[in-house]
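Novice: Dropping a structure here in structure tokens format, bear with me for questions.
Derivation of every value follows stated rules applied to the coordinates shown; laboratory data play no part. All values reported here derive from a predicted model rather than from experimental measurement. We place every Cβ from the backbone using ideal geometry, glycine too, and count neighbours over all the protein chains shown.
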Amino acid sequence: MAEKDTPVATVNRAMTSRVEALSMSWRVGRAFRQEGWDGEILAVHPHSCYLMDEDGAIYAIVQESLGNGPLNLVIPAAAGHAFQHLSVGETARSNGDTLLLSDSLDVGLATAQLWDPKPYPALGADPQRLRQAVSTLLQAVTAAPPEKSLALLLPYLQEEELPAPLLKVTHFPRSHALMGGLAESLAVRNRRGLKVVTSSMAGLGPGLTPSGDDFIAGVLLALALAQDDRPDAELKEIGGMLLETAAPRTHEISAAYLKAAHAGEAGDRWHRLLGALASGDPPAIVEAARVVMETGETSGADMLSGFITAMQAIHAAPSA
């Protein structure tokens, strides 16, 4: 979902830097290209900063290496240390053509390409091919997962105990039990069980977006994709319930990513993966999974873990 970096120290500076935005999601464009938009800086990291407006909506200004995403306005990598002079709580405003971040950074909006977080192919045209594709994805993710990512737990979801080395990671024993509980509850569409598990998983683990939140985001994306393939009122209701349960139990930035996943919105790395899953091409699936797992320290792998768990559970359900 998001980079997991330590916030940088900031200092005031009289001179304003200017960069030209490369692209932004339609959601960001609709807000920032409106004259009079205003908000404040919510968080600052080496390669990104987050803004929040008066309605509580969250937006991310990110360097090019982080790519397009549902919340993102992308600036060139050459902008270097564009965020180092910003401070949490400072003002942000737009005149329609330029986003002004405090007195330190102006971001030109006029030439930015609008990007749609939802134009990916439907996955369910061939159910058997999709099951095989998800199996390939599982193998790819568990072959070489990032250290301390929830992907390390996927082979053991039906086991009572984890191997001793995995027990040393503080949040792994609890995560293991919750992941298994979610898979079991989703397969039989047990709403009560899902609500209990989700309420415990939200906010669990380290990171700007905690590992448990990333896992839930993967589940929500899988549920949204299931609606695109074949409308299912029960799964739609479950997705809404999971979001309503998780979002209040985490912080604003992570909740914004959960809402995007629930809406079926995903970053460009995920678009590549979803295209590979739709085609059923194993080498493409493996390569796309590798790229997604490079997101943050464990965010990509954690979200993939939730996505895989949910995809398998959905297709194991009696009505699938």
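Novice: Would you mind getting me the FRET efficiency between R174 and V88? Use the beta-carbon distance for r and R0 = 41 Å, nearest 0.05.
Specialist: Between R174 and V88 the formula returns 0.85.
Novice: Moving on to the next point. Per-residue HN-Hα couplings for region 138-155, Karplus 6.51 cos²θ - 1.76 cosθ + 1.60 at θ = phi - 60°, whole Hz, x for Gly and Pro?
Specialist: Whole-Hz 3J(HN,Hα) from phi for region 138-155: 4, 4, 5, 6, 8, 5, 8, x, x, 4, 6, 8, 5, 4, 5, 8, 4, x.
Novice: Beyond 27 Å between alpha-carbons counts as too far, so tell me which of K148/K195; K168/K259; K118/K168 fall in that bin.
Specialist: Check vs 27 Å cut-off fails for K168/K259; K118/K168.
Novice: Restricting things to Cα coordinates, could you compute the convex hull volume per residue of region 127-316 in Å³?
Specialist: Convex hull of Cα atoms, per residue: 101 Å³.
Novice: How high is the relative contact order of the chain, given as a whole-number percent (alpha carbon pairs under 8 Å, six or more residues apart)?
Specialist: 22 percent
Novice: Take the Cα of R129, step 7 Å along the line toward its Cβ, and report every residue of region 267-290 whose backbone nitrogen sits under 13 Å from that point.
Specialist: 275-282
Novice: At 7 Å along Cα-to-Cβ for each site, give me the label-to-label distance between E64 and D281 in nm.
Specialist: With each label point 7 Å from Cα toward Cβ, the separation is 2.5 nm.
Novice: Helix 233-246 sits at what angle to the longest principal axis of the chain, using alpha carbons and giving 0 to 90 degrees rounded to 10?
Specialist: 60 degrees
Novice: What angle, in degrees between 0 and 90 and rounded to the nearest 10, separates the Cα long axis of helix 172-187 from the longest principal axis of the Cα atoms of the chain?
Specialist: Value to nearest ten degrees: 70.
Novice: Note down the relative contact order for region 69-168 as a percent, whole number, built from C-alpha pairs under 8 angstrom at least six residues apart.
Specialist: Contact order relative to length: 13 percent.
Novice: What nm value, rounded to one decimal, do you get for the distance between L166 and A144 when each label is placed 7 Å out toward the C-beta?
Specialist: Rounded to a tenth, the inter-label distance reads 2.0 nm.
Novice: Enter the angle in degrees (range 0 to 90, nearest 10) between the Cα long axis of helix 191-201 and the first principal axis of the Cα atoms of the chain, meaning the one along which they spread out most.
Specialist: 50 degrees
Novice: Let me ask something else about it. Residue separation times 0.36 nm, minus the C-alpha to C-alpha distance between R290 and D53: what's the value?
Specialist: Separation in residues times 0.36 nm, less the Cα-Cα distance, equals 81.9 nm.
Novice: While we're on this one: Take the alpha carbon atoms of region 244-320, find their center, do the same for region 86-113, and report the distance between the two centers in whole angstrom.
Specialist: 30 Å
Novice: Determine the relative contact order of region 93-147: mean sequence separation of Cα pairs under 8 Å and six or more apart, normalised by residue count, in whole percent.
Specialist: Across region 93-147, relative contact order equals 16 percent.
Novice: Using Cα-only point scatterers and the Debye equation, what is log10 of I(q)/I(0) for the chain at each q in 0.11 Å⁻¹, rounded to two decimals?
Specialist: For the chain at q = 0.11 Å⁻¹, log10 I(q)/I(0) is -0.67.
Novice: Report the extension gain between N190 and A110 in nm, rounded to one decimal, defined as 0.36 nm multiplied by the number of residues separating them, less their alpha carbon distance.
Specialist: 23.9 nm
Novice: Related question: Quick one: divide the alpha-carbon radius of gyration of region 29-125 by 2.2 N^0.38 Å and tell me what you get.
Specialist: 1.12
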